[in-house]
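A short worksheet on the structure shown next.
The values are calculated or read from the model by the stated rules, or taken from the named source; none is laboratory data. Note that this is a predicted model, so its numbers are computed, not measured. Neighbour counts run over all protein chains shown; Cβ positions are idealised from the backbone, glycine included.
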Amino acid sequence: MFYIIVGICILVVIVVLWMIDKFAGSSEMMGGFKNSGFRKLMVGLSVAAVLSLAYGIYAKVTYQPPFMDISVNGDSYTVFGDIGEVGYYADGLVKQGEKTNIRLVAWEDLNLGDKTKIMISYPSGKEVSWKPDISMIKGVSINEIKQIYELSPYTFEESGDVTLTIRDKSLSFTIEVKEGK
């Protein structure tokens, strides 16, 4: 949005300068430009306005937020992770040393079962293999979300950005684990 506003401001300056040139061409301000200096200024401002507006519109159209609000069985949740690939939501903040119920949100059919292993990589470099009980939440029809899986509760040992990798699917996402009590 910032670039769009900057582009519009530059366009306003161009219009004002054009009006001054049109109606007060022999003014002291316009006399300060040498030879083709005014034309070069107008071309430069025009290019800057077009580039600023183009980038602003491109950024606005292609922006993908790092989260998504959904409603499951009447309860509202915020999905974090890689929106469009695999994400997660929990009942509250994920905290170190507290059991957390995590639900995986998938935009493609993952077909996860009880034999699925998840590799947990902590910020310290420690890695833990986790084999959760997995059950699919039925009746999900939210945008392009294909499946939501509920995992058995897990207690994270460290705080920070913890990476979870679904081994047999080669999918990974990061959970921000806050410090516990």
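Key figures
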{"read-out": "In the stretch 13-55, residue surrounded by the most Cβ atoms within 10 Å (Cβ to Cβ) [restricted to those that are closer than 30 Å to M1 by Cβ and among the polar types (S, T, N, Q)]", "value": "S52"}
{"read-out": "The stretch 69-89, residues that are surrounded by 13 or more Cβ atoms within 10 Å (Cβ to Cβ), free of Cβ contacts under 8 Å to residues at least 60 places away in the same chain and part of a strand (DSSP E or B)", "value": "Y77, V79, Y89"}
{"read-out": "Residues of the stretch 103-114 classified as part of a loop (DSSP other than H, G, I, E, B), of a type in the set (D, E, K, R) and in contact (Cβ under 8 Å) with a residue 24 or more places away in the chain, total", "value": "2"}
{"read-out": "Of all residues in the stretch 1-34 being assigned to a loop (DSSP other than H, G, I, E, B) and free of Cβ contacts under 8 Å to residues at least 24 places away in the same chain, the one that is nearest to L51 (Cα to Cα)", "value": "F33"}
{"read-out": "Matching residues, the stretch 58-68, being in contact (Cβ under 8 Å) with a residue 12 or more places away in the chain and part of a loop (DSSP other than H, G, I, E, B)", "value": "Q64, P65, P66"}
{"read-out": "Qualifying residue in the stretch 92-102 (condition: within 23 Å of T165 (Cβ to Cβ), assigned by TED's automatic domain parsing to the domain that holds Y122 and touching a Leu at 6+ places or on another chain (Cβ under 8 Å))", "value": "yes"}
{"read-out": "Residue among V16, V12, V50 that alone is more than 31 Å from the chain's Cα centre (by Cα) and modelled with pLDDT of 95 or more", "value": "V12"}
{"read-out": "Cβ-Cβ under 6 Å pairs, at least 6 apart or on other chains, the stretch 143-155 side over 19 Å from K178 (Cα atoms), far side outside any loop (DSSP other than H, G, I, E, B) and of a type outside the set (A, V, I, L, M, F, W, C)", "value": "I148/R103; E150/R103; E150/S135"}
{"read-out": "Residue that is modelled with the highest pLDDT, among those in the stretch 92-119 that are surrounded by 16 or more Cβ atoms within 10 Å (Cβ to Cβ), over 23 Å from the mean Cα position of the chain (by Cα) and among the hydrophobic types (A, V, I, L, M, F, W, C)", "value": "I118"}
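Yes or no, residue by residue, for (1) in the same structural domain as K99 (by TED's automatic domain parsing); (2) buried (at least 17 other Cβ atoms within 10 Å of the Cβ); (3) not charged (D, E, K, R):
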| position | (1), (2), (3) |
| --- | --- |
| V128 | yes, no, yes |
| P132 | yes, yes, yes |
| S135 | yes, no, yes |
| I142 | yes, no, yes |
| I148 | yes, yes, yes |
| S159 | yes, yes, yes |
| T163 | yes, no, yes |
| K169 | yes, no, no |
